[in-house]
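Everything below concerns the one structure shown next.
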Amino acid sequence: MKEIRNSNQLIDRKNWLGAAFLDLVNEIVLRFKFRRIEVYGRENIPTADPFILVSNHSSRFDGLMVLRALRRKANYMVSPAELVGYQGVTLPWVGAFPANPKADLIGFAQSGFRKGDGLVVFPEGTVYYDGILHPFKLGAARIAMAAERDGIPVKVIPASIMYEWEAPAVARIIFGESVDLTAYSAHYEKEPLVALRNLSNSLYREVAELRSEISGRPSVAYTDNGKLCRSWAQEFEQAVEQMQEEVQEQKLDQEFDRVA
């Protein structure tokens, strides 16, 4: 019988036996390639609650590094081009699914959240080998805001991965503290696109700063008088409050002029 497939339908194909096999293969590959594998900030990963992990994407080893360091079940949003041939059969065993814009990505992500699974997103959209952190697409922010809107408590964790390729080769991954979504969700209903862009920019800054931490080099993407801008969520909230105060002052001035 010929199998009929709906390319737009996303199915959770995680398989414990297949995952155990790939975990073993993953460990062999990483140990063969790198002399040292360093993991920082694992305590920032929830032990049982759902989460969204947002990371840079500078190597084909990134997914393997995250898989090894997380030690938790998660779904991995990847380019459809990476799920062809042998990879298309095996990677779904550990939760890989295609970032198909025609599919219900938010619904699929939320189905995993309700089971306590995490979601791993590389918001640059593809692998960049030039050493530059490229602009983030809005997918991760959109999924996070939809979860907040629907009452699903999801932590958004920034992460960064870097490699030293010269011998002895070293791979490092660092997990940061979760980003507070309160300031963004408060304005999401009124100005969704603005909130999504600001959240995506905040995640970009967090990943850039984490990258600076594990590389020992400053981030040239976002700096303020030589200092890294860390608390972007707080800055965004303060900016909104300041704008509201200015609007209120203008209304008071107009009321005073009218009465006078």
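Every read-out reported here was derived from the displayed coordinates using simple, explicitly stated rules and does not represent laboratory data. Every value quoted in this text rests on a predicted model; they were computed, and no experiment measured them. Every residue, glycine as well, gets a Cβ built from its backbone with ideal geometry; the counts of neighbours run over all protein chains shown.
Here are a few things to note about the model shown:
- Taking the average, over residues, of other Cβ atoms within 10 Å as the packing measure, peptides 93-103, 11-21 rank 93-103, 11-21 from highest down.
- Other residues whose C-beta falls under 12 angstrom from the C-beta of residue 114 contribute a net charge of -3, scoring Lys and Arg +1 and Asp and Glu -1.
- Pair-distance profile P(r), taking every C-alpha pair of region 16-230, with 10 angstrom steps and integer %: 8, 34, 39, 16, 3, 0
- With a simple spin-label model that places each label point 7 Å from the Cα along the Cα-to-Cβ direction, the separation between residue 189 and residue 17 comes to 4.9 nm.
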